[in-house]
Amino acid sequence: MKQFFPDVSKIVYEGKETDNPLAFRYYDPKKVVAGKTMEEHLRFSMAYWHTLTGDGTDMFGVGTAVRPWDNLSDPMEIAKARAYAAFEFMDKMQIPFFCFHDVDIAPEGETLAETFKNLDEIVDLFKDLMAQTGIKLLWGTSNLFSHPRYMHGAATSPNADVFAYAAARVKKAMEITKELGGENYVFWGGREGYETLLNTDMKLELDNFARFLQMAVDYAKKIGFTGQFLIEPKPQEPTKHQYDFDTATVLGFLKTYGLDKDFKVNIEANHATLAGHTFQHELRVARINGILGSVDANQGDMLLGWDTDQFPTNVYETTLAMYEILLNGGLAPGGLNFDAKVRRGSFDYYDLFYGHLAGMDAFAHGLLAAQRLIESGELEEFIAKRYSSYTEGIGKKIVDGEVGFDELSEYAIGLKEITLESGRQELLETILNKYILSV
Ligand code: XUL
Ligand code: CO
């Protein structure tokens, strides 16, 4: 079979002393860490839209990427070349999962029927390539934001025909996700938000968004799709105010509309920071509420206020992320999807390998550091002690619901003095660094 990346061979683990830039230093797929292999913990996934379809276009200039299918002009031929290249790439990278939007994998036809036919042809090819390589589908989704018809939103559009059209696209995307054995289905509310309240019926838009999601749940039952539904929070971009602002907002929305049993969240690191949170904050909110489903692994730029979707290389962040993920008991059926793109100046295909390799090693490093940190119990012991006043006396009565304001007031009047203890943040940061540096 034609090779698209002929001069790159399979990337293997060589250990942290290696000088080979195309070898893993930390990611050792079969290495067992806390009872599971690294591959089982990390469940890496490639994002089709960045790695195969993205070309480096930005607001100021056209694409810069040089790709092995650039000489082709027929859209279906390009789609097929990308499919072969995708599986060769994932196989060489040892990435066991992928994710896609409908529009990433096949060209739009003149009619919806033709678009669906194109999709079916590529899905058949995917099935063969998946069987040959053992690579699986982490999640599928429908792009409800790029085409001009979605300029005012999809499920939250003021135009009911757009709502209906978006439903047809999601129906089809769910069907192909099921056909490919996809383990999850994602809703990122691309343009589900608003620019100005002067023209917006916010209540109707939110009600319609919930109606749309309920229809998806109903349709999954109808066709026997048992994958996990995920909502991906993002605060802004492309709309000024996105309805799925952050995890807490999504949780409130799901509970308001009785959808909380059917959806979890797909946390994206760069979306967390855009919302003014840390990645760890979003993971923690999701985890303690039982809705941590999957992760879009990337990082933003500290100095830029938009979604730069860079490959994650910050081991401080990946350690704290893996800390939450380990305490969550893992992510399965979710995974770590590299919703990340190489920089516009990183234009040849070696950069696709270097980018994924950097992200995989950073998360493998994070896994090892987080595992050591958890095993030591240093943070947990400190935290348990910090809150120990709730395990006895008046604190226990508060927790057990045995007292109200009357009893507490009586207790407080009798208090002689209140003694507080240091939060010891700097000590704890030193402990965290000790485990990160020990890997
Ligand atoms: C956009 C984003 C999307 C979703 C899938 O910021 O993250 O690529 O992950 O639609
Ligand atoms: Co994403």
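Here the simple spin-label model places points 7 Å from the Cα toward Cβ, and for L379 and W306 these points are separated by 3.3 nm.
Within the straight-line cut-off of under 21 Å between alpha carbons, the lysines reachable from K2 are K10, K80, K92, K127, sequence neighbours fewer than 8 places apart in one chain being disregarded. Exposed loop sites here are GluC sites (Glu not before Pro) assigned a DSSP state other than H, G, I, E or B and surrounded by at most 16 other beta carbons within 10 Å; excluding them, the longest clear run of the chain is 196-391.
Database remark: amide H of F263 closer than 5 angstrom to no amide H (H placed geometrically; neighbours at sequence offset of 5 or more, or on other chains; Pro and chain starts carry no H). Helix 315-327 and the longest principal axis of the Cα set of the chain meet at an angle near 70°. Of T57, T200, T249, the residue with the greatest mean-square motion in the GNM of the chain, using alpha carbon springs below 10 Å, is T57. The string of couplings for the stretch 214-227 from the Karplus curve (6.51, -1.76, 1.60, θ = phi - 60°) is 5, 4, 5, 4, 5, 5, 4, 4, 4, 9, x, 7, 10, x Hz, one whole number per residue in order, with x for Gly and Pro. Across the options H281, T313, V342, the greatest Cα extent toward the positive end of the charge dipole of the stretch 258-364 (unit charges at beta carbon of Lys, Arg, Asp, Glu) belongs to H281. In the structure shown, the pairs K234/K397; K261/K341; K234/K255; K117/K221; K222/K255 are assessed against 28 Å; a Cα-Cα span above that value is assigned to K234/K397; K261/K341.
Whole Å is fine, so just give me how far the alpha carbon centre of the stretch 376-439 lies from that of the stretch 91-131. One Cα centre to the other: 52 Å.
Helix 160-179 and the long axis of the chain differ in direction by around 90°, with both axes built from C-alpha atoms. Normalised by 2.2 N^0.38 Å, with N the number of residues, the alpha-carbon radius of gyration of the stretch 240-358 equals 1.10. Calculate how steeply helix 279-288 sits against the longest principal axis of the alpha-carbon atoms of the chain, using the helix alpha-carbon long axis, and give the answer as 0 to 90 degrees to the nearest 10. Rounded to the nearest ten degrees, it is 70. Backbone N atoms of the stretch 177-193 closer than 16 Å to the 7 Å Cα→Cβ label point of M130 belong to residues 177-186.
Normalising the Debye intensity of the stretch 144-300 to I(0), with uniform scatterers on Cα atoms only, and taking log10 at q = 0.16 Å⁻¹ returns -0.90. Given +1 at the Cβ of Lys and Arg, -1 at the Cβ of Asp and Glu and no other charges, the dipole of the chain around its Cα centre is 600 debye to the nearest 20. Cα centroid separation, the stretch 218-239 to the stretch 168-185: 10 Å. Residues in the stretch 245-257 carry Karplus couplings, in order, of 3, 8, 4, 5, 5, 5, 4, x, 4, 4, 5, 4, 9 Hz; the curve used is 6.51 cos²θ - 1.76 cosθ + 1.60 with θ = phi - 60°, and Gly or Pro positions show x.
Summary: within the chain, the longest segment free of trypsin sites (Lys or Arg not before Pro) located in DSSP loops with at most 11 other C-beta atoms within 10 Å is 31-239.
Per-residue ellipticity at 222 nm, computed for the chain from helices alone with -39500 (n - 2.57) per DSSP H run of at least four residues, works out to -14500 deg cm²/dmol. First obtain the Kirkwood hydrodynamic radius of the chain from its Cα pairs, then insert it into the Stokes-Einstein equation at 37 °C and 0.692 mPa s, and state the resulting D in µm² per second as a whole number. After rounding, the answer is 140 µm²/s. Of all lysines in the structure, those lying under 26 Å Cα to Cα from K434, and not within fewer than 8 positions of it along the same chain, are K16, K30, K31, K36, K385. Loop sites here are chymotrypsin sites (Phe, Trp or Tyr not before Pro) outside DSSP states H, G, I, E and B with no more than 11 other Cβ atoms within 10 Å. The longest part of the chain free of them is 61-305.
Laboratory data are not the source of any read-out in this text; all were calculated from the coordinates shown. Here the structure is a predicted model, which is why all the values come from computation and not from measurement. Positions of Cβ are generated from backbone atoms using ideal geometry, with glycine treated the same way; all protein chains shown enter the neighbour counts.
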